[in-house]
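Notes for the one structure printed next.
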Amino acid sequence: MPGIKPSAIGEVDLELEGVAYRLRPSFTAIKEIEAGTGLDLFDLVRRVETGGLSLDHIGIIVAACIRAEAKVSGDTNLATIKPATAAGLVYEADGGELLAVRAAIHPLLFNAVTGGYTALGERKPPTTTTS
């Protein structure tokens, strides 16, 4: 996918207009996403799967995850990104970025639903069992 790279710890790295952004699905970000969209996490995953996410929803998701990463990285420039700004960047990007971002959001939200992240938005290591 153009401009989309999964990171080693489970976030998604997204390049828009030549700027790299990291989407971190922290607990706080997920709460903001649910509040901003009016949808619970399960409904969001279903909408991604059926192509039912609006550009507004994508902006809310991307902005909340960028702000979560900004809290960890200390990047004060990104700490206040607004959903409309994020949606505009996605919409204006070349190379089918809107479709690519929708595809990238699915595993991000799906892993949040299945408990695959810590509260800070880092991927949990896979569990192993011994017999």
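Distant-in-sequence amide contacts of Arg22, defined by a placed amide H-H separation under 5 Å and a gap of 5 or more residues or a different chain, comprise Leu14. The residues of the chain expose on average 54 square angstrom of accessible surface per residue, using a 1.4 Å probe on protein heavy atoms. The long axis of helix 27-37 is offset from the longest Cα principal axis of the chain by roughly 50 degrees. Extension gain, Ala79 to Thr28, is 17.0 nm, computed as 0.36 nm per intervening residue step minus the present C-alpha separation. Only helices enter the 222 nm calculation for the chain: every DSSP H run of n ≥ 4 contributes -39,500 (n - 2.57), and dividing by all residues gives -16500 deg cm²/dmol, rounded to 500. On a per residue basis, the convex hull of the C-alpha atoms belonging to the chain measures out at 111 Å³.
Once you have the alpha carbon radius of gyration of the range 54-121, what is it after dividing by 2.2 N^0.38 Å, with N set to its residue count? Could you put the intermediate results ahead of the total?
Numbers: Rg = 12.4 Å, N = 68, 2.2 N^0.38 = 10.9 Å.
Compared with the compact-globule rule of thumb, the range 54-121 sits at 1.13.
The values are calculated or read from the model by the stated rules, or taken from the named source; none is laboratory data. Note that the structure is a prediction, hence the values are computed from the model and not measured. The protein model used for the area step is the full one, side chains on, heavy atoms only, and it has no ligands, DNA or RNA in it. Shrake-Rupley method; radii C 1.70, N 1.55, O 1.52, S 1.80 Å.
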